[in-house]
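Quick note: the coordinates plus some simple rules give every number you see, no bench work behind them. Treat the numbers as computed from the prediction; the structure is a model and nothing was measured. Every residue, glycine among them, receives a Cβ derived from its backbone with ideal geometry; neighbour counts consider all protein chains shown.
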Amino acid sequence: MSAAPQSHAPEPADFRKAMGSFAAGVTVVTTCHDGRLVGTTVSAFSSVSMDPPLVMVCLKRDSRTLAALSQSGTFCVNILAREQGDLAYRFAKSGADDRFALTAVEAGMCGAPLLDGCVTAIECELRDAHDGGDHEILVGRVLRVVTDETKTPLVYVRGAFLNA
Ligand SMILES: Cc1cc2nc3c(=O)[nH]c(=O)nc-3n(C[C@H](O)[C@H](O)[C@H](O)COP(=O)(O)O)c2cc1C
């Protein structure tokens with residue numbers, strides 16, 4: 001870390017590289033809108049508050065999942081297990097309509113689907129949406145959590161999955 005401090009905004013590639021060095025878990029954020037299951041891969045996820053229990057996810061403004069979730073008002077954050085790297089890529093594939101085809105799901109208490117085999121499911125109702133530049137920051141109030149402590153979480157860093 002000997003580089004001189006930058007006084008200007010980083011180039012997008014440098015910013016992407018810098019953020020890629022922060023190891024993150026991988027989730028699939030799901031919702032159900034007009035009877036249709038919708039979801040996508042999201043690593044921009046964090047807890048926000050313990051009391052009340054709040055979490056946040058960031059979704060690109062042009063995300064179809066964002067559009068559906070904003071309408072349904074509920075979502076589920078499915079934290080992926082180490083062996084679910086393929087599923088992460090399937091739910092990230094641009095424009096794909098068959099993301100749920102190979103995955104068993106269970107309807108959650110708020111309608112958003114829980115994906116089979118995940119480490120944790122966090123069911124939320126949408127509480128707030130904030131401007132996040134080219135993303136929208138969505139804050140959810142947690143309604144229910146389901147965790148399988150026997151599973152190891154998937155980790156994404158520098159554009160690849162660890163231990164995959
Ligand atoms: C590991 C990984 C993490 C991702 N994290 C995010 C994220 O935090 N927010 C986001 O908007 N897109 C993220 N994406 C990209 C979306 O999954 C991708 O743009 C997807 O096609 C959006 O689908 P939708 O328009 O159907 O919602 C990620 C992709 C991968 C592979």
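Structure data summary
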{"item": "Calculated from backbone phi, Karplus (6.51, -1.76, 1.60) coupling profile of region 12-21 in Hz, x at Gly/Pro", "result": "x, 5, 5, 5, 4, 5, 4, 5, x, 7"}
{"item": "Relative contact order, percent, region 39-84 [alpha-carbon distance under 8 Å, six or more residues apart]", "result": "24 percent"}
{"item": "Spin-label proximity, residue 143 to region 13-53 - amide N less than 11 Å from point 7 Å beyond Cα toward beta carbon", "result": "32"}
{"item": "Highest to lowest packing among 54-61, 71-78, scored as the average C-beta count within 10 Å", "result": "71-78, 54-61"}
{"item": "Computed [θ] at 222 nm, deg cm²/dmol, the chain (DSSP H ≥ 4; -39,500 (n - 2.57); rounded to nearest 500)", "result": "-4000 deg cm²/dmol"}
{"item": "Debye log10 I(q)/I(0) for region 71-164, one point scatterer per Cα, at q = 0.24, 0.25 Å⁻¹", "result": "-1.34, -1.34"}
{"item": "Dipole magnitude (debye, nearest 20) for the chain, charges at Cβ of Lys, Arg, Asp, Glu", "result": "280 debye"}
{"item": "Under Karplus coefficients 6.51, -1.76 and 1.60, residue-wise ³J(HN,Hα) of region 79-86 in Hz, glycine/proline x", "result": "7, 6, 8, 3, 8, 9, x, 4"}
{"item": "Cα gyration tensor, the chain - rounded (a/c under 1.5), prolate or oblate", "result": "prolate"}
{"item": "Cut-off under 5 Å, modelled amide H: who pairs with residue 43 long-range", "result": "27"}
{"item": "Among 23, 108, 68 the positive-end extreme of the charge dipole of the chain (Cβ point charges)", "result": "23"}
{"item": "Other-chain or far-sequence residues with amide H under 5 Å of residue 154's (modelled H)", "result": "26, 80, 81, 82"}
{"item": "HN-Hα J in Hz across region 90-106 - Karplus 6.51, -1.76, 1.60, θ = phi - 60°, x for Gly and Pro", "result": "4, 7, 9, 4, 4, x, 5, 9, 10, 4, 8, 4, 9, 10, 6, 10, 10"}
{"item": "Highest to lowest packing among 149-157, 20-28, scored as the average C-beta count within 10 Å", "result": "20-28, 149-157"}
